[in-house]
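The values are calculated or read from the model by the stated rules, or taken from the named source; none is laboratory data. Predicted model, so just to flag it, every value in this text is computed and none were measured. Virtual Cβ from ideal backbone geometry, glycine too; neighbours counted across all protein chains shown. The accessibility values were calculated without ligands, DNA or RNA, using every heavy atom of the protein model including side chains. Shrake-Rupley method; radii C 1.70, N 1.55, O 1.52, S 1.80 Å.
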Amino acid sequence: MEFPERLRSLRKEARLSQRDLAERVGVDFTYLSKIENGRVEPPSEAVLKGISRELAEALGRDETELADELITLAGKVPSDIAKTLVRNPQAVRFLRSIGDDVRSPAEWERLMRGRSRERE
């Protein structure tokens, strides 16, 4: 699912109008409408985090997880991850090394579970 459609789907699942969500986030509802219709580029990370906060609260979801989902669907890299990559060239090399070996969300989950077990 593309970013605009996912945002609209989450908002509707939360039973919020565009106007309600926009007011809670502090943006104009016409701007939110343009985002959901793909007429403007996805908003800044700060706006995406505000949207995620409100949707997570309404849906009983984890705010960080939802923010990460929306930020990545918007074609952006969360700023904390970008900082990690900038500070650690090894992290970039690691991601390049696994490249196309990890293709699906399920494969990423398996990789993360294996990493968790290694730390225990």
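In table form, for the structure just shown:
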read-out	value
Selection from 94, 30, 18, by position along the positive dipole direction of the chain (Cβ)	94
Solvent-accessible heavy-atom area per residue, rounded to whole Å², over the chain at 1.4 Å	68
Total charge dipole magnitude, the stretch 30-91, about the Cα centre, Cβ charges on Lys, Arg, Asp, Glu only, Debye to nearest 20	280
Calculated over the chain: convex hull of Cα atoms, volume per residue (Å³)	130
Candidate lysines - alpha carbon under 29 Å from residue 34, same-chain residues fewer than 8 apart omitted	12, 49, 76
Heavy-atom accessible surface of the stretch 64-111: percent carbon and sulfur, 1.4 Å	56
Student exercise, the chain dipole from Lys, Arg, Asp, Glu Cβ charges, in Debye to nearest 20	220
Value at 222 nm in deg cm²/dmol, rounded to 500, when DSSP H runs of n ≥ 4 in the chain each add -39,500 (n - 2.57)	-22000 deg cm²/dmol
